[in-house]
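Notes for the one structure printed next.
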Amino acid sequence: MFDPKYAQLIFSFLMALFMSCIMSLVITLYNVGFIAGIVFVWLKAWLFAFAVALPVINLVSPIVRRLVKVLIKHPH
């Protein structure tokens, strides 16, 4: 298991991994459909999407956390 100090990095890695996987598959299928070699087209798109998603999640997640704090109604 990992030390809790790495929780944000692990969260970012897994979020980037799963979201880039799902989104690249959906977008690849939308753009080219079920063609021969679709798995290789998708894997290439996934690799690129993951390379973009990981740093973006690391940059954006602190901003999103602050926005959530502003938007959530706290009991008095």
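The values are calculated or read from the model by the stated rules, or taken from the named source; none is laboratory data. These numbers come from a predicted model, not from an experiment. All Cβ positions, glycine included, derive from the backbone under ideal geometry; neighbour counts span all protein chains shown. Each accessible area value is taken on the protein alone, full model and side chains, heavy atoms only, with ligands, DNA and RNA left out. Shrake-Rupley method; radii C 1.70, N 1.55, O 1.52, S 1.80 Å.
General observations
- Against the list (1) loosely packed, with under 11 Cβ neighbours inside 10 Å; (2) in contact (Cβ under 8 Å) with a residue 24 or more places away in the chain, the condition A53 fails is (1).
- Flag for F2 being open to solvent by 90 Å² or more (accessible area, probe 1.4 Å) and modelled with pLDDT of 95 or more: no
- With respect to the conditions (1) in contact with a Leu (Cβ under 7 Å, 6 or more places away or on another chain); (2) part of a loop (DSSP other than H, G, I, E, B), A36 falls short on a single one, namely (1).
- Tabulated pairs, region 23-45, first without any contact (Cβ under 8 Å) to a residue 40 or more places away in the chain, second surrounded by fewer than 14 Cβ atoms within 10 Å (Cβ to Cβ) and not in a helix (DSSP H, G or I), C-beta under 8 angstrom, 6+ apart or interchain: V41/I35
- Residue check: S61 meets all listed conditions (1) of a type in the set (G, A, S); (2) assigned to a helix (DSSP H, G or I); (3) modelled with pLDDT of 95 or more but one, namely (3).
- Residue check for A16: open to solvent by less than 90 Å² (accessible area, probe 1.4 Å), assigned to a helix (DSSP H, G or I) and touching a residue at least 40 places away in the same chain (Cβ under 8 Å): yes
- Single unsatisfied condition, V32 versus (1) within 19 Å of the chain's Cα centre (by Cα); (2) open to solvent by less than 70 Å² (accessible area, probe 1.4 Å); (3) not charged (D, E, K, R): (1)
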